[in-house]
């Protein structure tokens, strides 16, 4: 069981909260306004999901998942406080908007907090697949990139806990943009080309 803070309670953050709580983890939602945040219904989904201020949630957790709008990644990173020794998983996508002055959200996080254990993960598919990655007798794959070996190990553990199949390591920080392009590829097929959100990526090999 891990103590996990999830900052961002929209579709992606909400799906991750539900799935990881179901898998036995303790989830602290980090929110700005406890009385009015839009993910309040998540508190009814599991007794292991609770709401706290952003810094409080981050300080009480070993792992922090960021699922906020990409353009505020640097501000959110600063709001976490002292995160030395913690792992941050970047589930954001800078496909249509990036944090000003940064190539991608992972770089913005690294520049604005005091942990090097930051990796990109949970950004390459729709929230529906995070709630249920199973397709018949197969499971969708998940992908991770970044320079932190520890971060990748944690990301892999959580992806498997959610029911994903293989977790593919795309490489270091220089491959984060490639993962965002993979996210755009999913968006293109699912939404722009109107194939629907019930599709996912699976790597096959002989």
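The values are calculated or read from the model by the stated rules, or taken from the named source; none is laboratory data. Computed from a prediction, not measured in an experiment: that's the story for all the values here. Positions of Cβ are generated from backbone atoms using ideal geometry, with glycine treated the same way; all protein chains shown enter the neighbour counts.
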Do you know which residues across the range 13-48 are in a helix (DSSP H, G or I) and in contact with a strand residue (DSSP E or B) (Cβ under 9 Å, 6 or more places away or on another chain)? 13, 14, 16, 17, 18, 20, 21, 40, 42, 43
Within the range 158-168, can one find any residue that is without any contact (Cβ under 8 Å) to a residue 40 or more places away in the chain, buried (at least 18 other Cβ atoms within 10 Å of the Cβ) and under 13 Å from the mean Cα position of the chain (by Cα)? yes
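Where residues in the range 76-86 are surrounded by 24 or more Cβ atoms within 10 Å (Cβ to Cβ) and touching a helix residue (DSSP H, G or I) at 6+ places or on another chain (Cβ under 6 Å), which of them is farthest from residue 33 (Cα to Cα)? So that I can check it myself, show each step before the final result.
Residues of the range 76-86 that are surrounded by 24 or more Cβ atoms within 10 Å (Cβ to Cβ), as a first pass: 76-77, 80.
From what is left, the residues that are touching a helix residue (DSSP H, G or I) at 6+ places or on another chain (Cβ under 6 Å) are 77, 80.
Working: 77: 17, 80: 15 Å.
Selected residue: 77.
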Would you mind finding the one in 179, 184 that is in contact with a strand residue (DSSP E or B) (Cβ under 8 Å, 6 or more places away or on another chain) and either part of a helix (DSSP H, G or I) or free of Cβ contacts under 8 Å to residues at least 12 places away in the same chain (or both)? 179
Hits in the range 102-149 - residues which are over 20 Å from residue 81 (Cβ atoms) and surrounded by fewer than 17 Cβ atoms within 10 Å (Cβ to Cβ): 103, 128, 131, 132, 134, 135, 136, 137, 138, 149
Is it true that some residue in the range 34-45 is modelled with pLDDT under 90, touching a helix residue (DSSP H, G or I) at 6+ places or on another chain (Cβ under 7 Å), within 19 Å of residue 81 (Cβ to Cβ) and surrounded by fewer than 20 Cβ atoms within 10 Å (Cβ to Cβ)? no
Search result, residues across the range 25-54 that are in contact (Cβ under 8 Å) with a residue 40 or more places away in the chain and either within 21 Å of residue 132 (Cα to Cα) or under 11 Å from the mean Cα position of the chain (by Cα) (or both): 25
Tell me which residues, restricted to the range 3-24, are over 22 Å from residue 133 (Cβ atoms) and surrounded by fewer than 22 Cβ atoms within 10 Å (Cβ to Cβ). 3
What single numbered condition from (1) under 18 Å from residue 11 (Cα atoms); (2) in contact (Cβ under 8 Å) with a residue 60 or more places away in the chain; (3) not in a loop (DSSP other than H, G, I, E, B) fails to hold for residue 93? (3)
Report every pair of residues separated by at least 6 positions or lying on different chains whose Cβ atoms are under 6 Å apart, first residue within the range 120-149 and at positive phi, second assigned to a loop (DSSP other than H, G, I, E, B). 122/91
Regarding residue 61, is this residue crowded, with 23+ Cβ neighbours inside 10 Å, more than 13 Å from the chain's Cα centre (by Cα) and part of a loop (DSSP other than H, G, I, E, B)? yes
So in the range 120-134, with the set limited to residues that are under 12 Å from residue 159 (Cβ atoms) and outside any loop (DSSP other than H, G, I, E, B), which one is nearest to the chain's Cα centre (by Cα)? 121
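Is it fair to say residue 30 is more than 24 Å from residue 169 (Cα to Cα) and surrounded by fewer than 23 Cβ atoms within 10 Å (Cβ to Cβ)?
Details: more than 24 Å from residue 169 (Cα to Cα): yes; surrounded by fewer than 23 Cβ atoms within 10 Å (Cβ to Cβ): no.
When the stated conditions are applied, residue 30 does not pass them.
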